[in-house]
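The values are calculated or read from the model by the stated rules, or taken from the named source; none is laboratory data. This one's a predicted model, so the numbers in the text were calculated from it and none came from an experiment. A quick note on method: Cβ atoms are made from the backbone with ideal geometry, for glycine too, and the neighbour counts reach across all protein chains shown.
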Amino acid sequence: MSVAPAGAKNLLPYEKRRTFAIISHPDAGKTTLTEKLLLGGGAIRAAGQVRARGERRRARSDWMKIEQERGISVSSSVMTFERNDIIFNLLDTPGHEDFSEDTYRTLTAVDAAIMVIDAAKGIESQTRKLFEVCRLRDIPIITFVNKIDREGRHPLEILDEIQEALALDVTPMSWPVGMGSDFFGVYDHIGNRYFTSTEGRGGPLDTIKPVEGLEDPELIGELFDNIRDDLEENVELGGAGYSEFDKDSFLEGHLTPVFFGSALRDYGIDQVLDFIADYAPPPHAQPATGGRTITPEEGKVTGFVFKVQANMDPKHRDRIAFVRLCSGTFKRGMKLKHVRAGKPITVSAPIFFFAEEREIAETAFPGDVIGVPNHGQLRVGDTLSEGEEIHVTGLPAFAPEILRRVRLTDTMRVKQMRRGLEDLAEEGLVQIFKPSIGTNWIVGVVGVLQLDVVVDRLKQEYQTEIGFEPVMYNTARWAEADDRQKLDKFLETNRAHVALDRDDKPVYLFKNAWEVTYVGEKNPDIRFRETREIVYTAD
Ligand code: G4P
């Protein structure tokens with residue numbers, strides 16, 4: 001594999017952008033890989049900084065001051081770095097305790113994703129969920145099989161699992177040379193290189209040897225017989241048993257290149273960065289209302305909000321809206337139209353996010369993410385344009401997997417509670433459903449820990465104590481029909497099951513998966529959707 005194309009210098013600014021995310025199950029090594037990618041891209045100078053980021057709040061730029069004054073924490077939502085003339089925008093997908101819709105939505109703002117798999121564990125539940133979101137949007141996936149310096153599954157078994165469990169073609173891009181206690185390094189059979197350590201087995205990567213195939217003494221000289229035989233067999237079976245790399249198939253999301261590596265010991269990092277530079281797509285065209293497709297080469301600026309982060313200081317209502325630019329050249333101070341509100345906003349203090357610091361963004365291009373401080377006007381799904389009446393589409397709301405009825409301790413605080421829940425819904429932390437019968441709202445989340453966060457934030461920021469009660473439902477679907485009358489009739493007959501979401505779209509609450517199928521079959525004219533576009537149009 002070559003390094004970044006020699007012509008990168010001559011590319012247009014947007015063509016140099018690679019906006020991507022890392023998806024994984026907790027503990028697979030996302031943080032470690034993120035850190036090593038930032039190191040590889042020269043964005044940080046020492047390991048340990050990503051993990052320690054919370055403690056390092058230094059006033060490094062104008063923005064850092066704003067962040068401190070307003071108490072907004074944006075931590076590492078976006079990390080930008082440059083390497084060989086390519087600009088990498090790595091968007092963080094919170095995947096642990098704070099796993100929420102936010103995680104899913106971030107994936108609407110990327111053009112590619114790295115899927116990290118633990119070599120011992122294979123595909124795990126959260127990886128699969130996130131992968132499905134990528135597939136919905138045909139996002140190309142690069143697979144990184146991590147922790148090969150530990151005992152793991154056999155490489156062929158892992159490749160087969162990815163292929164079968166995710167119904168993807170796979171192309172091995174490298175092979176581990178031994179694993180676990182006999183880990184010697186990584187063989188790049190495409191670029192004819194052997195990555196290894198002078199420290200011997202299990203050491204950190206410090207040597208790259210050019211080799212001429214598997215017979216090269218530089219490669220096999222030091223290996224035990226069993227490891228050499230296994231490597232030979234892998235390369236041979238791998239070459240015959242899996243697809244050859246095909247760029248189009250990768251870009252369409254049908255094929256994933258698989259790199260074996262160890263984030264902890266630096267194996268596979270440069271290969272992945274080179275691959276992203278060479279093959280991952282520049283900013284994609286963005287579907288929009290009115291049959292429009294916004295292309296990055298268009299002259300006028302458009303962008304959409306995919307995430308809103310609230311102030312950590314309850315005394316302020318300031319927020320940061322994360323805007324992914326889709327077209328045009330953005331300049332600081334521009335007046336853009338906030339399409340949903342029909343009002344102009346002047347973006348005077350837009351922010352760029354680097355690994356260690358924030359900077360006021362003077363100019364930004366498609367693929368870039370800018371942070372726009374605001375007082376709560378901007379919400380997830382909103383479009384900003386240079387005057388065009390257009391809404392970016394394709395940002396889904398997801399059916400929640402956990403539903404609870406809200407119980408208010410002090411009934412005098414209904415107003416505060418509702419405002420709080422609406423605010424948190426705008427951030428994408430919860431979904432709210434207002435039942436047709438009864439007054440207590442129901443909240444929906446995709447991760448159970450989000451419920452604790454809701455209780456805590458309502459108490460801290462809205463001085464309102466709430467609790468949750470179980471409901472007999474365990475999932476919700478948005479109800480739609482081509483025939484408005486049929487839909488209204490259905491909703492009226494089933495009032496006990498119906499609620500309105502925060503945009504007053506009807507949802508049907510189901511007790512279980514069986515009921516989803518049953519009610520669906522009984523009502524063929526009604527569509528029960530697991531996702532809903534969050535486009536704020538007048539209707
Ligand atoms: P996450 O963000 O996906 O949750 O994973 P994270 O990077 O925090 O890694 C989880 C654990 O796996 C960490 O160990 C980390 O050091 C380890 N790890 C990550 N990549 C590799 C690898 O390539 N090889 C090996 N052997 N271990 C790896 P920990 O003990 O939980 O944390 P720490 O004490 O090392 O910080």
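Assorted remarks:
- Selection within the stretch 503-539 - part of a strand (DSSP E or B) and at pLDDT 90 or above: P506, V507, Y508, L509, F510, R527, F528
- Residue in the stretch 508-515 that is farther than 21 Å from N440 by Cα and either surrounded by 14 or more Cβ atoms within 10 Å (Cβ to Cβ) or touching a Pro at 6+ places or on another chain (Cβ under 8 Å) (or both) present: yes
- Filtered by the rule that a residue be more than 14 Å from H254 (Cβ to Cβ) and crowded, with 24+ Cβ neighbours inside 10 Å, the stretch 132-148 gives F144, V145, N146, K147, I148.
- F365 meets the conditions (1) modelled with pLDDT of 95 or more; (2) under 22 Å from D102 (Cα atoms) in every case but one. The failed one is (2).
- Test: residue in the stretch 154-169 that is within 16 Å of the ligand (Cβ to nearest atom) and outside any loop (DSSP other than H, G, I, E, B): yes
- The lone criterion from (1) of a type in the set (A, V, I, L, M); (2) more than 24 Å from C134 (Cα to Cα); (3) not assigned by TED's automatic domain parsing to the domain that holds H375 left unmet by A263 is number (2).
- No other residue among T198, T207, T256 is of a type in the set (S, T, N, Q) and under 30 Å from L12 (Cα atoms) apart from T256.
- Filtering the stretch 294-319 to residues that are within 26 Å of I114 (Cα to Cα), modelled with pLDDT under 95 and either crowded, with 23+ Cβ neighbours inside 10 Å or of a type in the set (V, I, T) (or both) leaves V305, F306, K307, V308.
- Single condition A496 does not satisfy, out of (1) of a type in the set (A, V, I, L, M); (2) over 30 Å from V305 (Cα atoms); (3) surrounded by 11 or more Cβ atoms within 10 Å (Cβ to Cβ): (3)
- Some residue of the stretch 241-254 being within 16 Å of the ligand (Cβ to nearest atom), small (G, A, S) and in contact with a strand residue (DSSP E or B) (Cβ under 9 Å, 6 or more places away or on another chain): no
- Filter result for I370 (under 22 Å from Q309 (Cα atoms) and in contact (Cβ under 8 Å) with a residue 40 or more places away in the chain): yes
- Residues of the stretch 11-33 that are within 16 Å of the ligand (Cβ to nearest atom) and of a type in the set (V, I, T): I22, I23, T31, T32.
- P176 vs. criteria more than 17 Å from A263 (Cβ to Cβ) and crowded, with 24+ Cβ neighbours inside 10 Å: no
- Within the stretch 255-300, restricting attention to residues that are within 19 Å of the chain's Cα centre (by Cα) and assigned to a loop (DSSP other than H, G, I, E, B), the residue that is farthest from the ligand (Cβ to nearest atom) is A285.
- Residue in the stretch 405-418 that is in contact (Cβ under 8 Å) with a residue 60 or more places away in the chain and within 28 Å of R135 (Cα to Cα) present: no
- The residues of the stretch 320-362 that are outside any loop (DSSP other than H, G, I, E, B), at pLDDT 90 or above, of a type in the set (D, E, K, R) and surrounded by fewer than 19 Cβ atoms within 10 Å (Cβ to Cβ), listed by number, are K331, K335, K343.
- Whenever a residue of the stretch 465-476 is loosely packed, with under 12 Cβ neighbours inside 10 Å, its partners that are among the basic types (K, R) and part of a loop (DSSP other than H, G, I, E, B), lying with C-beta atoms within less than 9 angstrom and at least six residues away or across chains, give the pairs M472/K511.
- Test: D482 is of a type in the set (D, E) and free of Cβ contacts under 8 Å to residues at least 12 places away in the same chain: no
- Residue count for the stretch 228-249, restricted to those that are surrounded by 11 or more Cβ atoms within 10 Å (Cβ to Cβ) and more than 22 Å from N192 (Cα to Cα): 1
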